[in-house]
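Have a look at the structure below before the remarks.
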Amino acid sequence: MDSDSAAVLATAVSNVEGLAELLRHLRRRQARRRGDPPLTYRELAGRTGWSHGSIGGYFTGKIVPPTDRFDTLVQLLDAAPDELGPLADARDRAEEHSRADDRGRAEPHGGVPRQLPAAPDAFTGRDAAMARLDEADAGTVIVIGTAGVGKTALAVHWAHRVAGRFPDGQLYVNLRGFGPGEAEVTADEALRAFLTALGVAPDQVPAELDARVGLFRSLLTGRRFLVVLDNAAHAGQVRPLLPGGSGNLVLVTSRNQLTGLVATDGAVPVTLDLLTAEEARRLLAARVGPARVAADPAAVDAIVEACARLPLALVIVAARAAARPDLPLAGLAGELRAERGRLTVLRDAAAATDVRSVFAWSYQRLSAPAAGLFRLLALAPGPDVGRAAAAALLGEPCTATAALAGPAALAGPAGLAGPAGLAGPTGLAGEPGTVAGPPGVPGDARRALAELTHASLLTEHAPGRFVAHDLLRAYASELSGTLDGPAQRAAATLRLLEHYLRTAHTAALLLDPHRTPLPDVAAGGALETEAQALAWYAVEHHTLLAAVREAAATGHDAHAWRLAWTLVDHLDRRGHWPDLLAAQRIAFAAAARAGDAAGEAVSAHQLGRACIRMGDYDAAATHLELALDRYGRIGDDAGRARVHGNLGFIADRQARPRDAIGHLLRSLDLLRATGDQAGQGAALANLGWSYAASGEHREALDHCHQALELQQRIGDRTGEAYSWDSIGFIHHQLGEHEPAAECYRQALQLWREIGDRYGESETQTHLGDLHRAAGAEPEARACWLAALTILEDLGHPDAEQVRQRVAQPPS
């Protein structure tokens, strides 16, 4: 593109890559005319207020800019008035090509996505609301109503009824906008799940929210989808999930009015009130049988009145009636009247509905194990609970074998900072004993969960995962506070934290067998393979983070930092670095409160690693120096060695190779003294990298080959991948392209086998640099784009460096 005429060049644009090249041409032309360097993505972000990642996507051909943004951008890049029309036409052609491409690429592996939950049993009534919904064919509809009024049941029932009108698929997410102790699902998280369901590979999901929104809307444009957004809290949570185009329908449920969506997005509100008396009778008849209802209309009216015509309460009573077919409805009505008279009224602020009496009436008919579990489930952190956690809640109170307090000796590393990686999590040794106790009899837990589900006090929303309506959870919390007493509740909380600690500890060691185990933590759970551990972490991710918070909030400081320790590899592998940072901050504060030097050392170390992942090297150095001090206090040379490895990594990133070598030599000396072979292998590889950065290539190769031999002997695949990458880099610097490429390929294979996406991105970047040096521009660009995709997905600041490589024209 040597011509300065953007209008001429625009006529040749037919796809998003061509459009990106056109934008880069405008940027270079502007720089030439002004005699300044081209505007950086950061400068463009500052001038427009758009996200840095979105701008990078526009210039690298990952995203077609929306019309309004494209017009702003080309004018900012000094496009002439007579160029604006051809440029706009080029943008439209690129968007159409991108839509066709997306539709061809994103056919889900399992076919059309059908994410709707199971349709509710015996749904009846709601004729007026159903008629309003039937009028909707596209756009956005909001079902609004109080807690327990049946918004989700209506939405899911209607969605199943009309699914055939949306042949391209149905998407569903519970946004968890309301509920005690639950963290709401962000639009960012929901979009990731939707894009994956639409066939986008996980490592192809953009990191930036704007980019995810753009991709989601382009995938749904020209298609017919039904999107159900259940339990939304506010308009900001919903708006990014609204697809573009005119053929899709979004059905939202919320307790709030969401007036912003109505006013600015044209959403149609459908208000759901309490059932009419006739609808309430029909609901009972559908669930207990029409003959039984017809036989005693007075009793039915009494039940309807006692339930305040709230569907949730009526479903609970109907479950009880169905379980006792021999009991006349008049008997049930009498029991409800008596219960209602004995209890203080629990009122929902929005509808002033009296439901406590219905809950209590059903609760008091539970077996003792089921009643106890129902109360204690209110203590469970996270949005839901699994069978094993329920068994832990039901277990006998456990007794401490020793206090969980430090200081304690630490020993045994799990790896050091690699040339492209970070120090592995620190292992523990010589710590005091943890609390031990029986987790409960699984059979009892299964029977109690089945009983609660049968009584409609719990819902099994996924196999083996149970959730209570938030009104029921609030009622359970009230009961537990009244009946269980502080000591019993504290013991149950401790048993649950112990369950999560034991199982997560097992999972952590499956992810990284080279970690030194936490002493005195018994094996937990039925996890036996790395794949099982990864699957368990995926399910329990939010619950485990909540458990760290709960442990700190309830005074279980030792459990807080240990639980955070178990999460390190999972969060690091998946790129959940903000979560890693947050968990380790809680962990360090908990260890400091307890005066636990070992916990402070480990948590400060992991805080430093999290800050490195986030690109904040100054904060990382501060935390690592603190960790170095705490490890020194407790005489843990292995811990000190790992910290020196991380400080060496920071020095390397800041182009201080001699400082890096100094830290790494100290690390290697300490590791040799402790006999840690995995740590020695990592330190040798890191030294090789730093020697290469300082120009001492033969010294570098010698250290890296020593590392590789040791890592292959002990089966350290992560360390081996780092070493192959380092050796490839050194051959590259020596101008030996073919050996370098082969080393990089060896590293890539290992990164993919162990699922380390950040390591893969680093090696892809290095391989791209090698290809460009060899004049193989298409191969270089392909590698950099692969690395950029991963880094954007991880939200890593290194993405900017790779974007600049992609945008830079061949020399």
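Each reported figure results from applying straightforward, stated rules to the coordinates on display, with no laboratory input. Just so it is clear, the structure is predicted and the values come from calculations on it, not from any experiment. Glycine gets a Cβ as well: all are built from the backbone with ideal geometry, and neighbour counts include every protein chain shown.
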**Asked** With axes computed from alpha carbons, what is the tilt in degrees of helix 81-105 against the longest principal axis of the chain, rounded to the nearest 10 within 0 to 90?
**Response** 70 degrees
**Complete:** Note: Q804 to T196 extended length (0.36 nm per residue) minus current alpha-carbon separation gives 216.1 nm
**Request:** Return the calculated 222 nm mean residue ellipticity for the chain, to the nearest 500 deg cm²/dmol, obtained by summing -39500 (n - 2.57) across DSSP H runs with n ≥ 4 and dividing by the residue count.
**Result:** -20000 deg cm²/dmol
**Message:** Need one number: the % of Cα-Cα pairs in segment 127-271 sitting beyond the 29 Å mark.
**Reply:** 10 percent
**Prompt:** Once both axes come from the Cα atoms, what is the angle between helix 597-613 and the longest principal axis of the chain, in degrees from 0 to 90, rounded to 10?
**Reply:** 70 degrees
**Request:** First measure r as the distance between the Cβ atoms of R47 and R713, then evaluate 1/(1 + (r/R0)^6) with R0 = 51 Å and state the FRET efficiency to the nearest 0.05.
**Result:** 0.40
**Request:** Starting from the Cα-Cα distance between T259 and L76, subtract it from 0.36 nm times their residue separation and give me the gain in nm to one decimal.
**Result:** 62.4 nm
**Request:** Treating the angle as unsigned and between 0 and 90°, give the value, to the nearest 10°, between the Cα long axis of helix 470-483 and the longest Cα principal axis of the chain.
**Result:** 80 degrees
**Request:** Please arrange V304, V602 by counting, for each residue, the other beta carbons lying within 10 Å of its beta carbon, fewest first.
**Result:** V304, V602
**Sorted by Cβ neighbour density within 10 Å, fewest at the top, the residues V74, V317** = V74, V317
**Prompt:** How much net charge surrounds G688 when only the other residues with a Cβ under 11 Å from the Cβ of G688 are counted, with Lys and Arg +1 and Asp and Glu -1?
**Reply:** -3
**Complete:** Most exposed first, judged by fewest Cβ atoms within 10 angstrom, S667, S218 run S218, S667
**Complete:** For G169, other-chain or 5+-apart residues with amide H closer than 5 Å (H placed, Pro excluded) are L226
**Message:** Students often get this wrong, so try it: which of (1) 49, 40, 24; (2) 43, 29, 25; (3) 51, 39, 19 is semi-axes √(5λ) of the Cα gyration tensor in Å as calculated from the structure shown?
**Reply:** (3)
**Prompt:** What net charge do the residues around R613 carry, taking every other residue with its C-beta under 13 Å from that of R613, with Lys and Arg at +1 and Asp and Glu at -1?
**Reply:** -2
**Prompt:** With r defined as the distance between the Cβ atoms of E625 and Q488 and R0 fixed at 35 Å, what FRET efficiency is calculated, to the nearest 0.05?
**Reply:** 0.20
**Asked** If R0 is 60 Å, what FRET efficiency do you get for R633 and T529 from their C-beta distance, rounded to 0.05?
**Response** 0.95
**Message:** How much length would be gained if the chain were fully extended between D134 and D89, taking 0.36 nm per residue of separation minus their Cα-Cα distance, in nm to one decimal?
**Reply:** 12.3 nm
**Item:** For R465, net neighbour charge (Lys/Arg +1, Asp/Glu -1) across residues whose Cβ lies under 9 Å away
**Value:** -1
**Prompt:** Distance in nm between label sites at D618 and R745, each 7 Å beyond Cα in the beta-carbon direction?
**Reply:** 4.5 nm
**Prompt:** If you average the sequence gap of Cα pairs under 8 Å that are 6 or more apart and divide by the length of the chain, what percent do you get for the contact order?
**Reply:** 9 percent
